[in-house]
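Rule-based calculations on the coordinates, nothing more; no lab input. All values derive from a computational prediction rather than experimental measurement. Reconstructed Cβ throughout: ideal geometry from the backbone, glycine too, with neighbour counts over all protein chains shown.
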Amino acid sequence: MGAETYSFAFEVYHNSDALIDADRTLLDAARQATANAYAPYSKFLVAAAARLDSGEIICGTNQENASYPAGICAERVLLSAIASQHRGAVITTIAISYQNQNGPSEKPISPCGICRQSLLEYEERQQHSIRLILGALEGEVYSISNTGCLLPLAFRGDHLKTQ
Ligand code: THU
């Protein structure tokens, strides 16, 4: 029997003041964009803000539905919008934040499993890593160098090839 170990390192900042300007601006954009979320069921308003290689910032927010599974996470709204409206653009960084109408927003959240799968494929599709900045409305901020770190042993398009 063999054994493998998987680990990854990420940066932890005491709060967003400790970030470089570009990252703080991006996280602020995500924090503000939480106001555009539609989350009447969970009361959990999430926003993702992407910085493109042009420097432009694009935001996406979660959009829920009375038929719960029809709701979409902020991250996948964002990726779909960029793929559809910014052909050829490269995403360099995505900041994710949230407002919790039922509680505090003090600890970073990280993308759900489905979004990790989508983020990984986007990263591979654009052949450029996507750095993640994860921060609540206040408190510690995490910086993760690429989205693949969050999905070890991922299922990939390559697995569908016949030979
Ligand atoms: N949600 C996101 O939009 N992104 C995440 O990373 C985690 C969860 C949304 C889905 C749902 O609308 C609400 O947050 C509660 O799960």
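Would you be able to tell me the number of residues in the range 113-152 that are closer than 23 Å to Tyr13 by Cβ, within 13 Å of the ligand (Cβ to nearest atom), not in a strand (DSSP E or B) and not basic (Lys, Arg)?
5
Out of Arg24, Arg51, I need the residue that is assigned to a helix (DSSP H, G or I), closer than 22 Å to Ile144 by Cβ and among the basic types (Lys, Arg). Which one?
Arg24
Of the residues that make up the range 43-59, is at least one among the polar types (S, T, N, Q) and under 21 Å from Ser143 (Cβ atoms)?
No - not one qualifying residue is present in the range 43-59.
Restricting attention to the range 51-79, and to residues there that are within 9 Å of the ligand (Cβ to nearest atom) and among the β-branched types (Val, Ile, Thr), which single residue is surrounded by the most Cβ atoms within 10 Å (Cβ to Cβ)?
Thr61
It is to be established whether one or more residues within the range 87-109 are within 15 Å of the ligand (Cβ to nearest atom), farther than 22 Å from Ala29 by Cβ, within 12 Å of the chain's Cα centre (by Cα) and not β-branched (Val, Ile, Thr).
Within the range 87-109 (the criterion being within 15 Å of the ligand (Cβ to nearest atom), farther than 22 Å from Ala29 by Cβ, within 12 Å of the chain's Cα centre (by Cα) and not β-branched (Val, Ile, Thr)), the answer is no, since none of the residues qualifies.
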